[in-house]
Each structure stands twice: as C-alpha cells, then as structure tokens.
1. Relative contact order for the stretch 146-222: what percent, with Cα pairs under 8 Å and sequence separation of 6 or more?
2. With a ≥ b ≥ c taken as the square roots of the eigenvalues of the C-alpha gyration tensor of the stretch 146-222, please select rounded if a/c is under 1.5 and otherwise prolate if a/b is larger than b/c or oblate if it is not?
3. Using Cβ contacts closer than 10 Å as the measure, can you line up Glu56, Glu83 from fewest to most?
4. Please identify every one of the trypsin sites (Lys or Arg not before Pro) in the stretch 1-45 that sits in a loop by DSSP and has no more than 11 other beta carbons within 10 Å of its own beta carbon.
5. Please state the shape class of the stretch 31-91: rounded when a/c is under 1.5, otherwise prolate if a/b exceeds b/c and oblate if not, all from the C-alpha gyration tensor.
6. In what order do Cys118, Cys97 fall by count of nearby beta-carbon atoms within 10 Å, going from fewest to most?
7. Could you size up the charge dipole of the chain around its Cα centre, putting +1 on the beta carbon of Lys and Arg and -1 on that of Asp and Glu, and report it in debye to the nearest 20?
8. Report the chymotrypsin sites (Phe, Trp or Tyr not before Pro) located in the stretch 86-152 that are in a DSSP loop and have at most 16 other Cβ atoms inside 10 Å of their Cβ, or state none.
Amino acid sequence: MVLDAAKNEVHKDILTRELEAVGIRLNRAPPDITIKKKKTGGVSFSATVPLTHCDEKMVTSILHEYRIHNASVLFRQDATMDEFIDALEGNRKYIRCLYVYNKIDQLSIEEVDALARCPDSVPVSAALDLGCDHLVDRMWDAMQLRRVYSKKTGCKPDLTEPVMLSAARGGATVEAFASQLHADLPRMTRYALVWGLSSKHYPQRCGLSHMLHDQDVVQIVKTKVAGDPAASKMTAAEKHEKDRSMQKDKKPLKS
C-alpha cells in the first residue's frame, strides 16, 4: 500500500476501513475459534483462555441473530466480537501488507525515523531513489518466495529460470516443486536429489515431503514404467548392484 508520507495516517486509515468493509484483513491472523453446527443440543460454549472481550451470553445472542440455535463454540484465544463474527462468516481474507511511505524527502530526519520504526512500514523516495532496494528486500521477505532450480540427469542445473515456491502457492516441498513442472510428475516421482541449504550432504536423496530452501537445486528421479524404452536402460551403478546381489544369493556347491 503506497501512502503519502506528508499526510500522516489519513490515507492509511481510509484505505484500511474500505478494505475492512469488503472483508479484507491486513496483517492479521485468522481467529483461533472453532464453530461446529449441530442438529440438536443447543449452544455449548467453552474457552481454553480467559476471555476479556466477550462471554457466553454475547456469543449466544450473535448466533441467534444468524439463526444458529445448535452449535459448539470453542475459543482458543482472547478474541473480540468482531473476530468472532469473522470466524462465523468464514469468508474473510487475511493478507500480508507493507505500508510504503513515499516522498520522505519532504520530511525531517526525526519524522522519517519514526515512520521506519512503525511495523510493516517502509519509507522511500521515488524522486531521489531512496530506500527502493530496501523495499525490494522487504517485499521478498514478506512474500516468503523461494527460488528452486531444476536439473536434468547428466546435465548442469538450469540457473536461468527458477521455479518460484511459497506458502501461498502450495508450499515449498519437493512435491510442490514437481507439480509446478508437471501435474503428473509428483505421482511419477521415485525420489529427488537435492543440492543446497536444505540438504545435509551433496546430493541428498529426499522424498516428496522434503522442505526446500531458497536457491536449492533439485533433480527429479522418476519411477520406471514397464514398456518405456528409456526406463529399460540400466545405468552402470545399477548393473553393479544387481550383479553383487546375484552373487550373494548364489550358494556354494557341495563337494
């Protein structure tokens, strides 16, 4: 959200209220409230923490306004009535937001320092190109993006076009990486070889649930399919292992 640094918090409050009106919550986590509708039994209320903003009577009256007369409600945090209504509606969107204050060249050093200390705030000046590099770093950290590079067998990794992974795009596991390459690849994956910060040694043989880090290199090894001419070719290492296993199985002849 780009704001004018010279106009204090006026624009920020206006935009925040407009987003709140359409069900968008900025820099807030979903309330830890469980609501289960029942057919009979009335309203059962319980809480694992002390509540200071609401009680059972207020929760029951709100449920009756929504024509819910049989439900089980569990509070795991000291939530407000607005947060309880958000959990009851179930259609709210919780979005990460950075407040970018432009035109800081019109402010004093003290005012810029106060803006920089506010949570989720980045002071910049587009005219003087101040703080733009820091803004890119803050955006990258806020989106929690991870660059993962692919590698073919016997080839160098492709460092030109990384696969972008994040929690909002299915996670940062090997399975999410494989699904970005092809929808059927996770089902065909036998294991993955990983180079990077997430591996204990180079390369590390990992499964689909392995969590990848930024700038990791991944090589997908697919399962062998009957009738596939590429799968019928056996590497020298696999032939060596097969010969060793056959020699172990052989029993010495009795004289």
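1. Working: 149 pairs, mean separation 29.0, N = 77.
It rounds to 38 percent for the stretch 146-222.
2. Values: a/c = 1.22, a/b = 1.09, b/c = 1.12.
It comes out rounded by the Cα gyration axes.
3. On the way: Glu56 15, Glu83 22.
By the 10 Å Cβ count, ascending, the order reads Glu56, Glu83.
4. Details: sites: Lys7, Lys12, Arg17, Arg25, Arg28, Lys36, Lys37, Lys38, Lys39; in loops: Arg28, Lys38, Lys39.
The qualifying sites are Lys39.
5. Values: a/c = 1.59, a/b = 1.37, b/c = 1.16.
Because a/c hits 1.5 or more and a/b exceeds b/c, the stretch 31-91 counts as prolate.
6. Values: Cys118 13, Cys97 16.
By the 10 Å Cβ count, ascending: Cys118, Cys97.
7. On the way: 38 positive and 34 negative charges, 520 e Å.
Using Cβ point charges on Lys, Arg, Asp and Glu, the chain gives about 2500 debye.
8. Nothing satisfies the criteria.
Taken together, the values in this text are just the output of simple stated rules run on the coordinates, not laboratory data. All of these numbers come straight from a predicted model, not from anything done at the bench. No Cβ is skipped: glycine too gets one built from the backbone with ideal geometry, and neighbour counts run over all protein chains shown.
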